[in-house]
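Quick notes on the structure that follows.
Where a number appears in this text, it was derived from the coordinates with a stated rule and is not lab data. Computed from a predicted structure; not experimentally measured. A quick note on method: Cβ atoms are made from the backbone with ideal geometry, for glycine too, and the neighbour counts reach across all protein chains shown.
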Amino acid sequence: MNAPASPSCQLQISIDEQILELFESGRKIRSFPVSTSAKGMGFTQGSLRTPTGRFRISEKIGAGEPLGTIFKARQTNGIWNQSQITEDDLILTRILRLEGLDADNTNTRERFIYIHGTNQEDLIGSPASHGCIRLRNHDMAELFDLIPENSEVIIQPITKPKGKILFLDCDSTLSAIEGIDELANLSDTESYKKIVELTNLAMNGEMPLAEVFKKRMQVIKPTRDMVDTVSRQYLERMVDGAEQCVKAARTNGWEIVILSGGFEQIIRPFADHLGIHHIEAVPLYFNDLGEYCGYGETYPTTRNLGKNEIIREWKSAMMPQSVIMVGDGISDLETKPDVDLMIGYGGVVDREAVRKGANYWITNLNDLIKFLS
């Protein structure tokens with residue numbers, strides 16, 4: 001059973017304001033800027049979102065360690081060198097481990113949600129973490145000394161709609177290839193013909209996507225080497241205007257998400273090239289020899305209306321003011337009820353149903369820029 005939270009000290013964290021406030025006997029005695037999740041709020045394991053509600057500090061880790069101490073699995077692992085450049089989200093200086101006290105957030109401890117110091121101090125004050133609450137290292141050390149174990153923590157949910165989300169399909173939208181077709185092309189001619197036929201049936205809405213997905217994977221069974229090859233092809237066949245659209249979206253404050261029925265590992269290097277951090281795509285599994293072991297069969301984008309599920313999750317997590325979806329297929333058109341604008345793209349493949357059903361239709365990605373200002 002959870003230990004009761006200490007009544008004398010309380011932390012209140014505002015995701016809206018990116019502020020942590022420390023109260024003692026009801027009186028605010030200190031406040032610190034923080035960074036919560038770049039993906040907003042949420043409770044699902046692996047979502048990389050910050051949970052909300054009531055918590056207690058179940059563990060205090062790192063007392064007396066030097067500022068910048070690196071923790072891995074809550075054990076010290078050296079000292080961070082500020083001249084060291086890394087994209088890793090390091091856990092530094094001190095850890096306050098959180099335990100959820102509400103029905104929605106009871107998995108918080110198992111999710112390893114902490115309040116901790118960070119190597120990305122320049123991002124403090126804006127949502128940028130992988131779910132934890134991050135502080136500057138000096139602030140983290142000060143807070144650690146002020147707050148006792150078992151103190152209550154309140155993480156307040158987002159209340160102010162702000163920001164905008166741009167969802168971009170990948171295959172035949174940002175890149176001129178269909179990744180799964182190219183995987184088949186690396187097998188044999190007959191497999192390729194069969195996969196292309198199945199892909200078109202799905203994208204034209206003539207066969208349920210879940211049925212098509214399973215059939216295609218039974219034929220292909222891709223290896224890690226095949227994945228690496230197709231990953232390079234995404235970049236080689238990047239659609240004209242893709243880089244300009246991403247730049248315009250970022251300049252105008254859009255959060256960009258690749259939302260795809262393709263495969264996360266194949267798309268990732270392409271997304272990195274474009275500077276897109278968020279990918280919602282199907283995971284692939286391999287053994288140590290790089291041999292195929294399966295795919296995420298329950299991942300939403302393997303089925304019709306799955307993209308809608310992901311969009312609704314993002315909307316709930318971020319409370320954006322505006323949402324746009326851009327894509328070429330039926331699964332993209334299906335998102336129309338859940339977005340403000342569904343923009344059909346026909347620069348690679350012209351699908352009649354999408355052209356007729358979309359709010360807007362473009363054949364050049366540069367034409368998307370006017371919707372992003």
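Assorted remarks:
- For the range 25-55 and the range 94-122, distance of Cα centres in Å: 8
- Between GLY241, MET203, SER129, the Cα set farthest toward the positive side of the dipole of the range 117-272 (charges on each charged residue's Cβ, about the Cα centre) is that of MET203.
- Of the Cα atoms belonging to the chain, the radius of gyration and Dmax stand at 22.8, 73 Å.
- The ranking of LYS221, LYS60 from fewest to most other beta carbons within 10 Å of each one's beta carbon is LYS221, LYS60.
- Between the range 309-357 and the range 263-297, the Cα center-to-center distance that results, in Å: 22
- Note on the chain: dipole from Cβ charges, positive end direction compared against SER58, MET342, GLY357; the farthest Cα belongs to SER58.
- Cα-Cα separations in the range 79-138 greater than 15 Å, expressed as whole percent: 51
- Greater than 26 Å apart at Cα, pairs in LYS164/LYS214; LYS162/LYS370; LYS60/LYS162: LYS164/LYS214; LYS60/LYS162
- Using a Förster distance of 35 Å, the FRET efficiency for GLU24-ILE85 (Cβ separation, nearest 0.05): 0.35
- Net charge of Cβ neighbours under 11 Å - reference PHE144; Lys, Arg +1; Asp, Glu -1: -3
- The phi torsions of the range 197-204, fed into the Karplus equation with coefficients 6.51, -1.76 and 1.60 and a -60° offset, translate into couplings of 4, 5, 4, 5, 4, 6, 5, 8 Hz, rounded to whole numbers, with Gly and Pro shown as x.
- In this rough spin-label picture, where each label sits 7 Å from Cα along the Cβ direction, the ASP272-GLU17 distance is 3.9 nm.
- Neighbours of PRO320 by Cβ distance under 13 Å: Lys/Arg scored +1, Asp/Glu scored -1, total +2.
- From phi via Karplus (6.51, -1.76, 1.60), per-residue ³J(HN,Hα) for the range 60-70 in Hz, x at Gly/Pro: 10, 10, x, 3, x, 6, x, 4, x, 4, 8
- Whole-Hz couplings from phi, Karplus 6.51/-1.76/1.60, listed for the range 240-252; x for Gly and Pro: 4, x, 4, 5, 5, 5, 5, 4, 5, 4, 5, 4, 9
- 15 Å beta-carbon shell around GLY78, net charge (K/R +1, D/E -1): 0
- Net charge dipole size for the chain [Lys, Arg +1 and Asp, Glu -1 on Cβ; Debye, nearest 20]: 800
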